[in-house]
Amino acid sequence: MYVLFDEAGKFLAGRILSEAEASAQVELDSGKRVKVKAANQLLRFDQPAPAELMASASQASTEVDLPLAWEFAPEDEFGFAQLASDYFGGTPGVVEQTATLMALYDAPHYFRRAGKGRFKKAPADIVAQALAAIDKKRQIATQISAWAGELAGGTTPEPVREQLYKILFKPDKNAPEYKAVVEAARTTQLAPLTLLQRAGAIQSAYQFHWQRFLFENFPKGTAFPALTAPGITDDLPLAAVQAFSIDDSQTTEIDDALSLQGLDSGTVVLGIHIAAPALALQPDDALDAVARQRLSTVYMPGYKITMLPDDVVQTYTLSEGRDVPAVSLYITLDEATLAIQSSETRLERVPIAANLRHDQLDALVTPEWLSSPDSAPQDDSLPPPVQRKQLMFLYRLAQHLKAGREQVRGKPETFNRPDYSFRLNGLQSGAVPTGDEAVTISPRQRGAPLDLIVAEAMILANSTWGQWLASLGVPGIYRSQASLAPGIKVRMGAKALPHAGIGVPSYAWSTSPLRRYVDLVNQWQIIACARHGKTAALAAPFKPKDAQLFAVISAFDAAYTAYNAHQSGMERFWTLHYLRQQGMTELTASLIKEQSGGAWLVRADNLPLVFSIMGAQALPRGTRVRVKLGAVDDIALDVHGTVLEVLGDATAITTNDQTDDDGDDDNAAAGPLTIAVDVNEAAPASPNN
C-alpha cells in the first residue's frame, strides 16, 4: 500500500512500512524513511507506483481548467477528492485526484487553503483582482524582457535612462527597470556599467559622477530659495586694528583674518577675527534651515556648492575695504618668549585692510625671506598696511605653536607630501564643468609659511574657544582623538576631549561659520559666552545634552564624509583626465601597500594619484618604480599599471601627520566604483502572492 502526503507544503508519495494510531512509517523511492502523521496523509492507493503517480498527476494538473473548476466548486469548504469527482465525473482515479490536488494548491487566487487537502472557493471579486494582478505581472515580465533586449542591442529605454542613478546606487530590486538591467547584463555577460555605457545611458563620465552625487545628496537640486541676508542689528564697537586675510584666489567665503598690535613693544596682541553670520542668523530661521540641510560647502575642482546663498555670504564675508562684524579672539603674548599671557573674546566691527592670496605670494613669502630680514628688500607685492615684520612675527609664532603641539603629540608632524591645486582652463566663473576642460595641476607644499601661519592661528582659536566653552559649562561640537595608535580615528561629540592628532586639550571647529554648519553652531555658543559670561549656559541656544546638538553632529558627520568623498573622486577624475590630456603613459611612483594577488598600491611622485600595479612582488614598501599605465576608466575612476623599472632602494614612508585632522588614508580610492547592481543575486520574491 502507498500513501500520498503533505511534507511542509510539498507533495510526496511512498510505500507504507508500518502504522501506528497517529502516524505511519513510509519509505520513499530514494530509500529514505520518514514518519508521517495521520493528519498529513492525503490519499492511499495500491497503484500506480509513487514515481509514476507523481509524474502523471503533475502533467495532468496543468490541463485542469481552473476557471471551470472554480465554477464547479461548492461554496462551502471542500476536499480535493470531492472537486475531482465533480470535475472529472463519476469516480475519479488516483491520478485525477492527485492532479486536482496539485492544481488547487497552485491556484491560491481561485482557491484558499483551509487545511491539509481542504480548500474554499475564493470570492469572485478577489478572483478578479488576483487575475488582474497576474496579468499585470505577465505584462511587466514582457516589458522587462523587451527592455533587456534593447539594452543588449545597444539602446537604452527611456524609463531605464530616467532611473539610471537609482538603479545603480539606491535600487528597488523589484522594479522592472532594475530587473531589465540585471537580465541584460546576464544575457550579454557584460558588467552593468559597461552594458549601460555601450547602450548610451552614460554619455559623459563627468556628468555621470556629478549627477550621481546630486542624486544622492541634492535630489531637489542645488538652487536656493529666495532668501535675503538679515542685517546685524547689534551696535558693535569698531576695533582699533587693520586686519588681513590669507586665502587662495578662488576663495569667496573669507571666514578669517588676522591682526597684530604692539610689535616692538615687548607685548604683542594677536587678533584672530572670524566672520559673524551668527550675529544675524538665528536657530530655526529660514537661512538656518538651509544651512542645516546642506551642513557644509561642497568643494571640487572648478566648482563648489555653497552652504549659504552667495549674496548672504557676501554680506558677512571679510572682504577688504570694509568694517565687517566679527567674533574676535585676542591673544596677548610676550614678544620675546611668545608665551601666552591672556585671551579675550569680543564682538566688534573689524576693518579689513587686505585680502592676501597665498597662490600669488607663496613664491615671495618663503622661510628664507621671513627668517633673514636683510636677505631681500621689502616687496611691493604686500599691500599696505601689511608689513614684512608682521609676517615675520606670525611665522615665528606659528613655528613656536607647532613645536609646542608636537611636544604634546610626542612626535613631529610631517609634511612629506604636497597638496595639489586644480585649475580648469577656460571655465567661466560659476559654471558647472562639462568634463572636457583642459586641467592644470600644480603642487603646493604643505607647511609653506603663509599656510602654516593660518593653520596655527586657526588651531589656536579652535582650541582656545573649545576650552572656554567647557569652562563656562556651555556645550559645543568638538573633534577629538584619543591617541595616535593605529586605528584610533577622529570623533565628533559634545565633550571637550583631547585631540591627540593635533596635540591640543580640546578642539572645537569655530573658524569657518560661512561654510561649515558646526562652526556656525559653535559661534552661536561663543557669542552667548561673550555676552553673558558665567551665565552663558542659561542663554546659549543649545543646552547641555540637547538632542538637537547630537542630531547636528550625526547629520554633519555623514554629510561631510560624503562631500569629502565626492571631492576626492572629482580630483581623481581630473587627475586621470590630466594623464590622457598630457599623453602620459608612464609614471614614477612609490610602493605604499601590498594587496592580495601580488598587486601593490602605489602613490605617484608628482600627481595626486594612488593606483594598483603588478610586477612589484618581493619589493619592500617605499621602493620607487617606473610604471607603465594601462587604460584609464573614467567611469570606475580606475587605472592600473605594470612595473617597468625599479628606480632605487626603499625610502621611509610615514603616515600622514598633517595638522588637518580629516586624515588622508594611504588606501585612497584606487577603484573600481562600487554600484548596487548584483547580477549574481537571486531574483527577489514578488511581494504579491
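The values are calculated or read from the model by the stated rules, or taken from the named source; none is laboratory data. What you see is a predicted model, and the numbers here were worked out from it, not measured in a lab. Cβ: placed from backbone, ideal geometry, glycine included. Neighbour counts: every protein chain shown. Just so you know, the surface numbers come from the protein's heavy atoms only, side chains and all, with ligands and any DNA or RNA stripped out. Shrake-Rupley method; radii C 1.70, N 1.55, O 1.52, S 1.80 Å.
Here are a few things to note about the model shown:
- Portion, in percent, of the accessible area of the chain that falls on carbon or sulfur, probe 1.4 Å: 50 percent
- FRET efficiency, 1/(1 + (r/R0)^6) with R0 51 Å, evaluated for ASN564 and ALA618 via beta carbons: 0.90
- Heavy-atom accessible area for HIS640, with the other protein chains in place and a 1.4 Å probe, reaches approximately 100 Å².
- The slack between ALA114 and VAL408, meaning 0.36 nm per residue of separation minus the straight C-alpha distance, is 98.3 nm.
- Label-point separation in nm, VAL34 to ARG626, each point 7 Å along Cα→Cβ: 7.1 nm
- Pair SER204, THR332: separation of 7 Å Cα→Cβ label points (nm): 5.8 nm
- From phi via Karplus (6.51, -1.76, 1.60), per-residue ³J(HN,Hα) for segment 506-516 in Hz, x at Gly/Pro: 7, 8, 10, 4, 9, 9, 9, x, 7, 9, 9
- In a fully extended conformation the segment linking THR674 and HIS532 would gain 46.0 nm over its present Cα-Cα distance, using 0.36 nm per residue.
- For the chain, the per residue solvent-accessible surface stands at 47 Å², with DNA, RNA and ligands left out and a 1.4 Å probe.
- Compared with the direct C-alpha span, the chain from ASP310 to ALA55 gains 84.3 nm at full extension, assuming 0.36 nm per residue.
- Computed from the C-beta positions of ASP234 and ASP284, the FRET efficiency with R₀ = 22 Å rounds to 0.65.
- Simple rule: put +1 on each Lys or Arg Cβ and -1 on each Asp or Glu Cβ in the chain, find the dipole, and look at ALA599, SER245, PRO225; the Cα lying farthest toward the positive end is ALA599.
- Other residues within the sphere of radius under 15 Å centred on the Cβ of GLN261, judged by their own Cβ, net out at -3 (K and R +1, D and E -1).
- Set of lysines near LYS37 by C-alpha distance (under 27 Å), chain-local residues within fewer than 8 positions excluded: LYS10, LYS116, LYS120, LYS121
- FRET E, pair THR366, GLU216, Förster distance 35 Å, beta-carbon r, rounded to 0.05: 0.25
- In loop segments of segment 193-227 as defined by DSSP, the trypsin sites (Lys or Arg not before Pro) with at most 11 further C-beta atoms inside 10 Å of their C-beta are LYS220.
- Inter-part distance where segment 594-626 and segment 395-411 are each reduced to a Cα centre, Å: 33 Å
- For the chain, a crude dipole built from +1 on the beta carbon of Lys and Arg and -1 on the beta carbon of Asp and Glu, taken about the Cα centre, is about 1180 debye to the nearest 20.
- Site-free segments of the chain were taken between GluC sites (Glu not before Pro) in DSSP loops having at most 10 other Cβ atoms within 10 Å, sites themselves excluded; the longest one is 76-680.
- Backbone HN-Hα couplings from phi across segment 75-81 [Karplus 6.51/-1.76/1.60, Hz, Gly and Pro as x]: 6, 8, 4, 8, x, 5, 5
- Long-range HN-HN contacts of ASP285 with modeled amide H, under 5 Å: none
- Spin-label pair THR642-GLN47: with each label point 7 Å from Cα along the Cα-Cβ axis, the two points sit 7.3 nm from one another.
- Unit charges at the beta carbon, dipole of the chain: most positive-side option, ALA69, GLN567, ASN680: ALA69
- Structure-derived volume of the Cα convex hull per residue in Å³: which label, when the choices are (i) 257; (ii) 201; (iii) 166: (i)
- Per-residue surface analysis assigns ILE140 an accessible area of about 70 Å², computed on protein heavy atoms at 1.4 Å probe radius.
- For the chain, the relative contact order comes to 9 percent (Cα pairs under 8 Å, sequence separation of at least 6).
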